[in-house]
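These notes concern the structure reproduced below.
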Amino acid sequence: MDRRTFLQSSASATGCALTASAQEGRSPNDRVTVCVMGVRGRGSSLLTTFASLPDVDVKYVCDLDENVLGARVEQTAAKTGRKPQAIADYRHALDDKSVDAIVAGTPDHWHALPTIHACQAGKDVYVEKPDGHNIIEGQTMVAGMKKHGRVVQLGTQARSGIFQASAMKYISEGNLGKVRFAKAWESSKQGSIGNPPDGEPPKGVDYNTWLGPAPKRAFNPKRFHGNWRWFFDYGTGDLGNDGVHRLDVARWALETAVAAEGKQLPTIPKVVSAHGGKYYFDDAQEWPDTMMVTYDYAGYLLTYEMRVWNRYPLHEESEGAAVHGDGGYVVIGNSRWRAFDERGKLVKEEKNVYQDVAHAQNFIDCMRSREKPVADLETVGHPSSLLCHLGNVAWRVGRTVKFDPATYSFGKDQAANALLTRKEYRKPWLLPKISEV
């Protein structure tokens, strides 16, 4: 039996419980076994977070860079007293029936396949944002999660934040009056990446697998660690990097405010427009460094503003979200939220921190209860990630786009439809068709 057949057949027997072997003889107090993959940047933080949870065993640490992998294994062993196994291929962990979940801190172009394969193998998934490299990847991830009854948490940690939840409670009580507008912004200052020449991959790096489904091309140090997010092949720009966090909170706040009026915000905006470009940096980056996106929900408006070449305090927050009503407005930053009346007078303020550990623990708890996590892929993670993908498509085609949720396409807009997914997935890293998930 080949690996693909095994993944599909093993998933069909698991239903909505923990993997069959993991479920047998276990009590709710037993530990959860995970594999953490992609452990250099954000993934390193995820590894530290999950290793710190008292009910979690990190059995595997997975990375394609031997220089990173060895160090992370030793750090985890020193922290927990248990040395995880170092692997380069996450599918080894999928073959291990004792593994309950995959934790993915990989680049954007490696979010979809591990998530889908893990769901097929009967594993739950914690995957970093955005939900995929493109719209169809996100849709396919949701389809895989639903078909195999898995718990999938997206790494939008604000959904587990104490002060964010407090802000939503305040908004839900109708304190802002009639609300029709929300905004998100990002101004975390970035630097130029220059225009370095191509070269050879570092020793110990499996560069071919790192490219995965993306087109084959020569190695370049600025298309690799850290900077991959600025290129069409691998990332989603700063809109999908940091913007997804701000948009998720802004959408959450707008949705909460609309619900306080007894109404419902549509899941998908009616039309999306985007403007901007590379106005500041003269380097190899492909995505914009300056950008404005407008999401029209037919009666409600959500905007996103991004300038990654300067620091500026909008509402005294370098990055954040705000929701405006005729009775006042609320501003939500990274460590506090503030409420103002209609004349701009501060009426309430609370401070706290982002909840990485709480977000990971929520995922573990929901693995046991089989309830939806706070950043459930279908109801929270994909809708917020979709905003980023829609904004990027509108910017790339240079005009307002209209997305049809019924067909999951841009109708007759061929140029926009061409950006729904990759033109081609490089073998053997093919994206399954939805009917095959």
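If Lys and Arg each add +1 and Asp and Glu each add -1, what is the summed charge of the other residues whose beta carbon sits under 11 Å from the beta carbon of Tyr295?
Net charge in that neighbourhood comes out at +2.
Taking Cα pairs under 8 Å and at least six residues apart, what relative contact order does the chain come out at, in percent?
Taking the mean separation of contacting Cα pairs over the length of the chain, I get 19 percent.
Please order Ile193, Ile171 by the number of other Cβ within 10 Å, starting at the fewest.
The order, fewest Cβ neighbours first, is Ile193, Ile171.
Can you compute the helix-only [θ] at 222 nm over the chain? Use -39500 (n - 2.57) per DSSP H run of at least 4 residues, normalise by all residues, nearest 500 deg cm²/dmol.
Result for the chain, helices only: -9500 deg cm²/dmol.
Place a +1 charge on the Cβ of each Lys and Arg in the chain and a -1 charge on the Cβ of each Asp and Glu, then give the dipole magnitude about the Cα centre in debye, rounded to the nearest 20.
Charge dipole, the chain, about its Cα centre: 360 debye, nearest 20.
Using the charge dipole of the chain (Lys, Arg: +1 at Cβ; Asp, Glu: -1 at Cβ; taken about the Cα centre), state which of Ala375, Ala71, Ala121 has its Cα farthest towards the positive end.
Ala121
Magnitude of the Cβ-charge dipole of region 283-386, K/R +1 and D/E -1, about the Cα centre, nearest 20 debye?
Once rounded to the nearest 20, the dipole reads 380 debye.
Using the basic label-point model (7 angstrom from Cα toward the beta carbon), what is the Ala415 to Asp296 distance in nanometres?
The answer from the label model is 1.8 nm.
In whole Å, what is the distance between the alpha-carbon centres of region 298-324 and region 98-148?
A separation of 29 Å, based on Cα centres.
If Lys and Arg each add +1 and Asp and Glu each add -1, what is the summed charge of the other residues whose beta carbon sits under 9 Å from the beta carbon of Asn241?
Summing Lys/Arg as +1 and Asp/Glu as -1 gives -2.
Which residue, Gly177, Thr267, Ala214, has the largest displacement toward the positive end of the dipole of region 168-308 when charges sit on each Cβ (Lys, Arg +1; Asp, Glu -1)?
It is Gly177.
So, in nm, how far is label Lys216 from label Arg82 when the simple model puts each one 7 Å beyond its Cα toward the Cβ?
Label at Lys216, label at Arg82, 4.1 nm between them.
Do the alpha carbons of any pairs in Lys278/Lys423; Lys129/Lys222; Lys146/Lys402; Lys97/Lys216; Lys351/Lys402 sit beyond 29 Å of each other, and which pairs?
Lys97/Lys216; Lys351/Lys402
Give the peptides 383-395, 155-167 in descending order of average Cβ contacts within 10 Å, highest first.
In descending order of packing, they fall as 383-395, 155-167.
Give me the net charge of Gly199's neighbourhood, meaning all other residues with Cβ under 15 Å from the Cβ of Gly199; Lys, Arg count +1, Asp, Glu -1.
For residues surrounding Gly199, the net value is +2.
Starting with the fewest neighbours, write out Asp96, Asp63 ranked by other beta-carbon atoms found within 10 Å of each beta-carbon.
Fewest-to-most Cβ neighbours within 10 Å comes out as Asp96, Asp63.
Sort Leu113, Leu69 by Cβ crowding within 10 Å, fewest neighbours at the top.
Least crowded to most crowded, the residues run Leu69, Leu113.
Tell me, in nm to one decimal, what length is gained between His92 and Ile434 on full extension, where the rule is 0.36 nm per residue of separation less the Cα-Cα distance?
120.7 nm
Ordered by packing density, taken as the mean number of other Cβ atoms within 10 Å over each peptide's residues, highest first, how do 74-87, 319-332 rank?
319-332, 74-87
Over region 281-437, what relative contact order in percent results from Cα pairs under 8 Å that are six or more residues apart?
That works out to 8 percent.
Full extension from Lys263 to Lys427: what is 0.36 nm times the residue separation minus their Cα-Cα distance, to one decimal in nm?
54.4 nm
Which percent, nearest 5, of DSSP beta bridges in the chain are antiparallel?
The antiparallel fraction comes to roughly 60 percent.
Starting from the 7 Å offset along Cα-to-Cβ, what nm value, one decimal, do you get for the label separation of Lys169 and Glu371?
Roughly 1.6 nm, to one decimal.
No value in this document is a laboratory result; all are computed from the given coordinates. Since the model is a prediction, treat every value here as computed from it, not as a measurement. Heads up, the Cβs are rebuilt from the backbone with ideal geometry, glycines too, and the neighbour counts pull from every protein chain shown.
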